[in-house]
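Inspection log for the structure reproduced underneath, given as structure tokens.
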Amino acid sequence: MMNNDLLKPISQGSIGAQDAENQRITEITNEFVRFCSVYAQKCGKSSDNVTALDIEMRVAEAYAKEHAIWIPMDKIFALGEPGPSGNENDTYVNEDYVFKVNNLMNCGSILSLFDKIKMHNEIFPDTFYVLYGFTGFEGRTIMPVLRQNRVANAQPATQIIIDTYMAAIGFSKREEVGKYSNVDYTVWDLLPRNVLYDKDGDIYVVDAEISRNSL
């Protein structure tokens, strides 16, 4: 049985909340890997016609329903008002949070998205993600739903501000605009549409593409 402790809510106002969420996602990842393996074994020879993503989606749907974090598609608008949509996410906004329904277009798999969430939370803890649940079309396409704190009264940062901020947290600017790296990570798509700053000069990276550097 999956452990219901994995779904305990994380307080976003507490110190180290992003670390607690990353630990939770690590535990969920381990459960997913185990159940994907079991599912593949049950499929037997027929698994040759089933992709790894298909298996992940079936496991995600069962997991979400077992833990009461399944959001039917006709209930998705209850999360908030529709916000800007991009290549990867449809967004829904309420007074406190931004919810992102992720279509996996950039990551290619649920497990890869889990890893991306953890990297984002490590690098940009002020805008850390919570895995809120799953939605989709039952028996077909399943999409993770992520939650971030809403950044109010902020505006898009200029590229100079973004460059300065990334240098301050230890990243070197690459030739491509909006791309940076340090020893461990490469981060890109840090353009004004994905980075906000408020009247106090605080910077908030609300979306980014991230990869781990090869050793």
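Annotation: of all residues in the range 68-86 being exposed (fewer than 15 other Cβ atoms within 10 Å of the Cβ) and among the aliphatic types (A, V, I, L, M), the one that is farthest from Asn102 (Cα to Cα) is Ala68. Report yes if some residue within the range 104-116 is within 18 Å of Arg193 (Cβ to Cβ) and at pLDDT below 95; otherwise report no. Yes, the range 104-116 contains at least one residue that is within 18 Å of Arg193 (Cβ to Cβ) and at pLDDT below 95.
Which one is farthest from Pro84 (Cα to Cα), of the residues in the range 179-215 that are of a type in the set (S, T, N, Q) and in a strand (DSSP E or B)?
Restricting to residues being of a type in the set (S, T, N, Q) and in a strand (DSSP E or B), the top hit is Ser181.
Just for the range 177-192: of the residues that are within 24 Å of Gln155 (Cβ to Cβ) and more than 17 Å from the chain's Cα centre (by Cα), which one is surrounded by the fewest Cβ atoms within 10 Å (Cβ to Cβ)? Only one residue tops the list, namely Val177. Restricting attention to the range 153-175, the residues that are free of Cβ contacts under 8 Å to residues at least 24 places away in the same chain and of a type in the set (Gly, Ala, Ser) add up to 4. In this structure, Tyr204 qualifies as in contact (Cβ under 8 Å) with a residue 60 or more places away in the chain, crowded, with 16+ Cβ neighbours inside 10 Å and either in contact with a Leu (Cβ under 6 Å, 6 or more places away or on another chain) or not assigned by TED's automatic domain parsing to the domain that holds Pro84 (or both).
Only one of the numbered conditions (1) closer than 30 Å to Arg58 by Cα; (2) at pLDDT 95 or above; (3) of a type in the set (D, E, K, R); (4) not in a strand (DSSP E or B) is not met by Glu176, and that is (1). Looking at the structure I just gave you, is Glu175 within 23 Å of Leu113 (Cβ to Cβ) and not polar (S, T, N, Q)? The answer is no for Glu175. Residue pairs whose Cβ atoms lie under 7 Å apart, sitting 6 or more positions apart in sequence or on different chains, and linking a residue in the range 72-94 that is at positive phi and outside the structural domain of Val206 (by TED's automatic domain parsing) to a partner that is surrounded by 12 or more Cβ atoms within 10 Å (Cβ to Cβ) and modelled with pLDDT of 90 or more, are Gly80/Tyr92; Gly80/Val93; Gly80/Asn94; Gly80/Phe99. Of Asp5, Asp48, Asp54, all but one fail to be acidic (Asp, Glu) and at pLDDT 90 or above; the exception is Asp54.
The values are calculated or read from the model by the stated rules, or taken from the named source; none is laboratory data. As the structure is a prediction and not an experimental result, all values here were calculated from the model. Cβ coordinates were reconstructed from backbone atoms using ideal geometry, including for glycine residues, and neighbour counts include every protein chain displayed.
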